[in-house]
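A.B. asks: Just passing along the structure, written as structure tokens.
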Amino acid sequence: MSIEIGDSCPSFELINTSGLKKKLEDYSGKLLVIYFYPKDNTPGCTRESCKFRDIYSKFNELNCEVIGVSADNNDSHKKFSSNFNLNFDLLSDTHYKISKEFGTFFISEQFGNSIKRETYLIDETGILIETWKDINDPENHPLEVLKFVQNRVKT
């Protein structure tokens with residue numbers, strides 16, 4: 001199962017870094033970047049998350065929220081977020097519910113259950129408007145997402 005451009009974003013309720021339940025509806029009226037990543041504190045995921053951190057205010061200026069989703073538990077997210085001063089929510093999808101609905105869940109021969117590095121842009125009404133898959137450069141990928149959001153907001 002996966003979500004395609006033009007589809008409604010699957011509803012979710014996941015725990016954020018502060019231990020609060022966050023739902024899709026909490027982001028209504030804003031653009032929403034959901035970036036799925038494999039694991040806290042790994043090199044690519046750290047570079048990607050830190051770049052989103054560094055440009056987060058630019059997303060906010062465009063009425064856009066950013067959230068990261070992985071299968072790591074909330075304790076892991078808290079440490080990861082604290083270690084790198086992340087300024088946005090990380091959500092725990094420990095049972096792979098949302099990852100499966102978006103199509104980012106897979107089983108790795110080496111690591112078992114895992115999540116693909118993919119990013120989704122949801123519009124203000126909950127409709128998927130863009131996807132980024134097969135991300136090879138996690139550090140510069142957030143800049144690509146920001147550029148797309150900037151161009152969308154201009155039009």
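Each reported figure results from applying straightforward, stated rules to the coordinates on display, with no laboratory input. Predicted, not measured: the structure shown is a model, and the values here were computed from it. Note that each Cβ is placed from the backbone with ideal geometry, even for glycine, and that neighbours are counted across all protein chains shown.
A.B. asks: Just checking, how many residues over the range 119-151 are part of a helix (DSSP H, G or I), over 20 Å from Asp26 (Cα atoms) and hydrophobic (A, V, I, L, M, F, W, C)?
C.D. replies: The total comes to 4.
A.B. asks: List, please: which pairs have Cβ atoms under 6 Å, are six or more places apart or on different chains, and start with a residue in the range 81-94 that is at positive phi and free of Cβ contacts under 8 Å to residues at least 12 places away in the same chain and end with one that is crowded, with 19+ Cβ neighbours inside 10 Å and assigned to a loop (DSSP other than H, G, I, E, B)?
C.D. replies: none
A.B. asks: Show the residue pairs that are 6+ apart or on different chains and have beta-carbon atoms under 6 Å apart, the first residue being within the range 120-133 and closer than 16 Å to Gly103 by Cβ, the second being of a type in the set (D, E, K, R) and surrounded by 15 or more Cβ atoms within 10 Å (Cβ to Cβ).
C.D. replies: Listed by first residue and then by second, the contacts come to Leu121/Glu130; Lys133/Glu118.
A.B. asks: Scan the range 79-110 for residues that are more than 19 Å from Arg47 (Cβ to Cβ) and surrounded by fewer than 18 Cβ atoms within 10 Å (Cβ to Cβ) and jot them down.
C.D. replies: Residues satisfying the conditions are Thr94, His95, Tyr96, Lys97, Lys100, Glu101, Gly103, Phe106, Ile107, Ser108, Glu109, Gln110.
A.B. asks: Looking at the range 21-48, which of its residues are under 24 Å from Ser2 (Cβ atoms) and touching a Pro at 6+ places or on another chain (Cβ under 9 Å)?
C.D. replies: Across the range 21-48, the qualifying residues are Leu24, Val33, Tyr35, Tyr37, Gly44, Cys45, Glu48.
A.B. asks: Inside the range 30-83, can you point out the residues that are in a strand (DSSP E or B), hydrophobic (A, V, I, L, M, F, W, C) and under 18 Å from Val149 (Cα atoms)?
C.D. replies: Within the range 30-83, Leu31, Leu32, Val33, Ile34, Phe36, Cys64, Val66, Ile67 meet the criteria.
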